[in-house]
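Accompanying notes for the structure given below.
The values are calculated or read from the model by the stated rules, or taken from the named source; none is laboratory data. All figures in this text were calculated on a predicted structure; none of them were measured in a lab. Neighbour counts run over all protein chains shown; Cβ positions are idealised from the backbone, glycine included.
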Amino acid sequence: MLLENLLESIEKKAVSQVKDLRIKGIKYDSREVVQGDLFVAIKGFQTDGHQYIENALENGAVAVVLEDETYCTDRYPWILVSDSRLSLAQLSAAFFDYPSRKFTLIGVTGTNGKTTTTNLIARILEDAGYKVGLIGTIHNRIGSRILPGERTTPESLDLQKLFREMTEEGVTHVVMEVSSPALDLHRVTGSEFDLAVFTNLTQDHLDYHKSMEDYYQAKAKLFLGLDSPHNVKPGDKYAIVNTDDLWGKRLLKEIKVKTISYGIEQGAFFRADQIKITPIGVSFLVDDRMINLKLTGKFNVYNSLAALAAVHALGIPLEKGIASLEKVTGIPGRFQLVEGSGDITVIVDYAHTPDSLENILATAREFAQRRIITVFGCGGNRDRTKRPLMGKAAARYSDFCIITSDNPRNEEPEAIIEDILSGLKEISFENYRVVVDRRQAITEALNLAEKGDIVIIAGKGHETYQEIKGKKYPFDDKQVAEEILSSLRRRS
């Protein structure tokens, strides 16, 4: 591709020596550069891509996009821009010929519920006969083909490449989780959405966003971009908004495209009534139609309403949406029952925010026969202010807590646990034990449990690793619980 043509997709401050240059690809990691690539130097949180320009050139880069003018030199062709991340997104979309224009793109954002909601929407669309691409926290998927994914929302270059692959395989609809850092860091810039879903906004990512207002503004970008002049896709754009959420109420007032509200409170267009929660599911009424889900919890009422509202905007009848939802038996790591737990109930959940932990524990409390024993920790190198709040949420609904490691990353697990304990101590909750080793913590919880008890293992859900000091070690909460339960059965 002629570089000059590609550069028409971005705003440039200055350009040097690019005339008649052709490129074969784009890279932002100098280690992946091959002969003929355009290298985009990004200033990251830990490393600065500008420091690796020489490596990229040695590996075959023919030109460099950069934002630090001290690296502008006559030794190589360069393009100076204001924001390399923004330019990477715009260049990637153009390089792959704007693939999101070739299918219906649905984005789901919010603190909690993104994974379940995207999976429910995908299931309804697939049952309606469409070929669906799914992008999210658990994995990426093209039809039934599972692809690995390292983060909730891929980097812009990787995302556009994945979109292109999806178009080549005949995908008609893509449903994706859109995280707030992804919106802030331009990972979805250049992606043209047809529909966006807002689930809720509660405390998380404040290590990154610094305030709830900043967090909200990042989320709002997805919705305010629906009618952007850069979104040239024909047809109506829709915003699906949970108006039981205070931030959702505000968002609804600020959106300029068509909207559909959902919730449990009066006034929502898609409203659930006569809700009944049991250990094995939840039933509720929508538009005089009863829904019987095999997913439980009030939070899954919201997730289901969001999915029904989204497909309604796409023209799928309510009856078909309900029929699909009633077939769904579970989402990995989302209030997932552990098999073989006998006369105790063991549940694994990804809950890693104060609100999500409170939601799953409140759900468990509704059908608990005896005690709730909660095993949880908090991630390292993330929002410290939510740790005492997690402790309070656990204490409020649990009879006993075992505080342990989550993904400590580069922090000391004991320091993270101290932050959690400050929340417990603030409300004088004393029914807890600290067990730093997560496997041992799960073992002790299952040993403590008696007939009728519920053991909640929270924080990691579907994850199959534990991240400690920069390394990922194999660890799967569900698998570990199953192994321990099996051992306990043999012993008895």
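Across the range 184-210, the qualifying residues are those that are outside any loop (DSSP other than H, G, I, E, B) and modelled with pLDDT under 95, and the one among them that is surrounded by the fewest Cβ atoms within 10 Å (Cβ to Cβ) is D207.
Looking across the range 278-302, the residues that are in a loop (DSSP other than H, G, I, E, B), without any contact (Cβ under 8 Å) to a residue 60 or more places away in the chain and under 13 Å from F335 (Cα atoms) come down to I280, K294. Name every residue in the range 26-51 that is buried (at least 18 other Cβ atoms within 10 Å of the Cβ) and touching a Phe, Trp or Tyr at 6+ places or on another chain (Cβ under 8 Å), in order of residue number. Across the range 26-51, the qualifying residues are I26, K27, Y28, S30, V33, F39, V40, A41, I42, G49.
Among the candidates E463, E426, single out the residue that is buried (at least 18 other Cβ atoms within 10 Å of the Cβ) and touching a helix residue (DSSP H, G or I) at 6+ places or on another chain (Cβ under 9 Å). Please lay out each step first, then the result.
Numbers: E426 fails: buried (at least 18 other Cβ atoms within 10 Å of the Cβ).
After ruling out the rest, the residue left standing is E463.
Residues in the range 106-143 that are in a helix (DSSP H, G or I) and either surrounded by fewer than 22 Cβ atoms within 10 Å (Cβ to Cβ) or outside the structural domain of N231 (by TED's automatic domain parsing) (or both): R123, E126, D127. Here Q35 does not fit the description of being in a helix (DSSP H, G or I), free of Cβ contacts under 8 Å to residues at least 40 places away in the same chain and over 26 Å from K219 (Cα atoms). Checking the structure you have, find out if any residue of the range 48-56 is touching a residue at least 24 places away in the same chain (Cβ under 8 Å), closer than 30 Å to V232 by Cα, of a type in the set (A, V, I, L, M, F, W, C) and outside any loop (DSSP other than H, G, I, E, B). No: zero hits. Pairing each residue of the range 427-442 that is modelled with pLDDT of 95 or more with any residue that is charged (D, E, K, R) and surrounded by 12 or more Cβ atoms within 10 Å (Cβ to Cβ), provided the two are 6+ apart or on different chains, yields C-beta distances under 6 Å for V435/E444.
Screening G452 on (1) part of a helix (DSSP H, G or I); (2) closer than 21 Å to P279 by Cβ shows it passes everything except condition (1).
Taking only the range 393-417 into account, find how many residues are in a helix (DSSP H, G or I) and under 24 Å from E463 (Cα atoms).
Step one: of the range 393-417, the residues in a helix (DSSP H, G or I) are 393-397, 413-417.
Still in the running and under 24 Å from E463 (Cα atoms): 393-394, 413-417.
Residues flagged as in a helix (DSSP H, G or I) and under 24 Å from E463 (Cα atoms) within the range 393-417 amount to 7.
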